[in-house]
Amino acid sequence: MPNRIEHIGLVIDDLSAGKDFMVNVLGFELEREVDLPERAVQAAFYRSGSIQLEIIELTTDEARRRRLGPEGTKGRIEHIAIIVDDLAATLEKVRAHGVRWTPPEPPYTRIPGRTWVFTDPDTTGGIMYQFMELDT
C-alpha cells in the first residue's frame, strides 16, 4: 500500500509567476520541469524536504475550466501524489472501499519512470489522490 507522499499538485493560472514565487519568495530550487502537450500540462517541481510541490499550468481553455475551476480562479491545491509499491494491488484494495479512478482500466497513464492514476474525488472524501508506481 502507500509508502510515502511524493508531491502535492497545485494548479495555477500563471506558471511563470508561480515559478518566480517558488524561487524568489519561498526560496525553493527548481528540481525539474515537464511539458505534456497531450495532457495540456506544463509543470515545474520544487523540493521541500522529502516532498515536492508541483505547480501546474493548463494549456487549453477546456483543461483550465475542468482542473482550475471558474474564470478568475488563480490557483488551488489539486491532488496529493502517493508512491505505492504495487499499483495493481493498491487499486484492488481501494476498489473494495468504493474508490474509482481514471483511467479506469489499463493501460494507465505513463511517462518514463512512472505509471499513475488519479482517484475520483467523489469516492475519496472530496480529495483527489494520484497513486504512482515507480519503475524499478
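Odds and ends about this structure:
- Residue separation of Glu31 and Arg100 scaled by 0.36 nm, minus their Cα-Cα distance, works out to 21.7 nm of gained length.
- Only Lys, Arg (+1) and Asp, Glu (-1) charged, at Cβ; the chain dipole about Cα centre in debye: 280
- Protection proxy ranking, peptides 126-132, 64-70, average beta carbon neighbours within 10 Å, highest first: 126-132, 64-70
- In the context of the full set of protein chains, residues of the chain present 57 Å² of accessible surface per residue (probe radius 1.4 Å, heavy atoms only).
- Computed accessible area, Leu87, all protein chains, 1.4 angstrom probe, square angstrom: 10
- Of the solvent-accessible surface of the chain, computed with a 1.4 Å probe and all protein chains present, 53% belongs to carbon and sulfur.
- The GluC sites (Glu not before Pro) found in the stretch 1-76 that occupy coil by DSSP, while having at most 16 further C-beta atoms within 10 Å, are Glu29, Glu71.
- The base-10 log of I(q)/I(0) for the chain, evaluated at q = 0.13, 0.14 Å⁻¹, reads -0.57, -0.67 [Debye formula, identical scatterers on Cα atoms, solvent excluded].
- For the stretch 34-97, the relative contact order is 18 percent, taking Cα pairs closer than 8 Å that sit 6 or more residues apart in sequence and dividing their mean separation by the residue count.
- Residues of the stretch 53-93 with an amide N closer than 12 Å to a point placed 7 Å from the Cα of Thr123 along the Cα-to-Cβ direction: 91-93.
The values are calculated or read from the model by the stated rules, or taken from the named source; none is laboratory data. Not measured: the values here are computed from a predicted model. Counting neighbours? That spans all protein chains shown, and the Cβs are built from the backbone with ideal geometry, glycine included. Surface areas here come from the heavy atoms of the whole protein model, side chains and all, with no ligands, DNA or RNA. Shrake-Rupley method; radii C 1.70, N 1.55, O 1.52, S 1.80 Å.
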